[in-house]
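What follows is a set of notes on a single structure, which appears directly below.
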Amino acid sequence: MGQRYESGEKFLRVIQLFQRLSDTQTGLTTRQLADQLEVTTRTVQRYLSTLRDSAGIDIEEVDGRFRIGSGSRLPAMQLDHYQATELLLAVRAMQQMRSEQEPALIGALAQLARALSVPVVTRYLQGLIAAAERRPAGGTRHEVERVVVDGFVRRRCVEVTYRDAEGRETRRVLRPYFLEPRLESRTLYIFAHDELSGEVRPFRIDRVRDARLLAQTFTVPDDFDIDAVVSGSWGIWQAPGQDDVVLRFDHAVAERVREALWHRGGEIRDRDDGDIEVRIRVTSEVEMRSWVLGWGGAVEVLEPPSLREHVAAMLRRGAERYSAR
């Protein structure tokens, strides 16, 4: 009975080793592999021999680091160079959102790099993998994301402790409908039905302190459409009303504004004095505040009064700080 258990355990570890070697571009040392598999370095060496000799897997070793060799790589994906470049841009954007090492992202990049048949794209993907592997290992956030992804894919509820922008913590049960990346804040938002409020709301995943997968399952409503949900927002905010925002930009920054205004509902009008006027209808002007403030004195808020007063107050406060020195 004990021998059968050990054989089964070894088989599982060998499969895990193969997966680790498949999910790296720079390679892993026997020490790293031993730590990840919770075995000794000598055991790792035996498992490597099993993959080579018994399974016929091509394993490369460079400077004491191991990875799957070219002889065991997947056949090339049939993507043309336009499709491959779009894929590269998408994963590059995702990598820029990460400040810590994310094994799932590294593994996905490694699989793509081995499967694509466009050398230029493959080379850059390999560079992204190497950069991702140099980042520090993720901690609690990595574990939280894994639980949320499990809930999203398996359609199971997730119990979380959520800390809002004011530092208040609440315990909630979420039904993750979608995960929405936001590059400007370098984080993911969970669009989920929240049992506490009874609404579908966005939650910043980096404000989730802990998460637990529940047995309770759910079904995403047929009419849920993430593009429709965020279509009226400046970013992802949801609110019952709408704000008509009118901004006047100096002519000196007019071209930059044209380039930076990505909102689908934005309307730009040229003024006789060379300045431009921008009109946007958004769910909430509050979400636009930091973007408007980023233009400093080159912009004047004409509408609504709440946004104008906020920007004016912040600029006055900034001027006071500098005048006091």
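The values are calculated or read from the model by the stated rules, or taken from the named source; none is laboratory data. Everything numeric here is computed off the predicted structure, so don't read it as measured data. As a convention, Cβ positions derive from the backbone with ideal geometry for all residues, glycine included, and neighbour counts pool all protein chains shown. The protein model used for the area step is the full one, side chains on, heavy atoms only, and it has no ligands, DNA or RNA in it. Shrake-Rupley method; radii C 1.70, N 1.55, O 1.52, S 1.80 Å.
Return the whole-Å distance between the Cα centroid of the stretch 278-325 and the Cα centroid of the stretch 174-196. The stretch 278-325 and the stretch 174-196 have Cα centres spaced 27 Å from each other. Highest mean packing first, where packing is the average number of other Cβ atoms within 10 Å per residue, the peptides 12-21, 102-111 line up as 102-111, 12-21.
For Ser185, the amide hydrogen comes within under 5 Å of no other amide hydrogen, counting only partners 5 or more places away or on other chains and with H modelled in the peptide plane. If both residues of a DSSP beta bridge must be in the chain, then about 95% of such bridges are antiparallel. Counted without the sites themselves, the longest stretch of the chain free of GluC sites (Glu not before Pro) in a DSSP loop having at most 11 other beta carbon atoms within 10 Å is 185-325. Derived scalar couplings between HN and Hα for the stretch 202-208 equal x, 10, 5, 5, 7, 9, 7 Hz in order, rounded to whole Hz, by the Karplus curve 6.51 cos²θ - 1.76 cosθ + 1.60 (θ = phi - 60°), x for Gly and Pro. Around the amide H of Leu116, modelled in the peptide plane, lie the amide H atoms of Met77, all under 5 Å away and 5 or more residues distant in sequence or on another chain. Under the combined filter of DSSP loop state and at most 16 neighbouring Cβ atoms within 10 Å, the stretch 134-182 retains these trypsin sites (Lys or Arg not before Pro): Arg134, Arg155, Arg168. Simple rule: put +1 on each Lys or Arg Cβ and -1 on each Asp or Glu Cβ in the chain, find the dipole, and look at Leu183, Gln126, Ser290; the Cα lying farthest toward the positive end is Gln126. Loop-resident chymotrypsin sites (Phe, Trp or Tyr not before Pro) (DSSP state other than H, G, I, E or B) in the stretch 226-325 with no more than 14 further Cβ atoms inside 10 Å of their Cβ: Trp262.
Once backbone amide H atoms are built at 1.01 Å from N, Asp210 has Thr161 as its partners under 5 Å, excluding neighbours fewer than 5 places away on the same chain. For the chain, the Cβ-based charge dipole about the Cα centre amounts to some 1400 debye (Lys, Arg positive; Asp, Glu negative; other atoms uncharged). Helical runs (DSSP H, four residues minimum) scored at -39500 (n - 2.57) apiece and divided by the length of the chain put the mean residue ellipticity at 222 nm at -12500 deg cm²/dmol.
Using a/c under 1.5 as the rounded threshold, could you call the chain rounded, prolate or oblate? The axes a ≥ b ≥ c are square roots of the C-alpha gyration tensor eigenvalues, and prolate needs a/b larger than b/c, oblate otherwise. Since a/c reaches 1.5 and a/b is larger than b/c, the shape of the chain is classed as prolate. Converting phi to 3J(HN,Hα) with the Karplus coefficients 6.51, -1.76 and 1.60 and the offset θ = phi - 60°, the stretch 42-50 yields 5, 5, 4, 4, 5, 5, 4, 5, 4 Hz in sequence order, with x at every glycine or proline.
Order these peptides, 187-194, 42-49, by their mean beta-carbon neighbour count within 10 angstrom, highest first.
Most protected by this proxy first, the peptides run 187-194, 42-49.
Heavy atoms of the protein chains alone define the surface here; on that basis the chain has 58 Å² accessible area per residue at 1.4 Å probe size.
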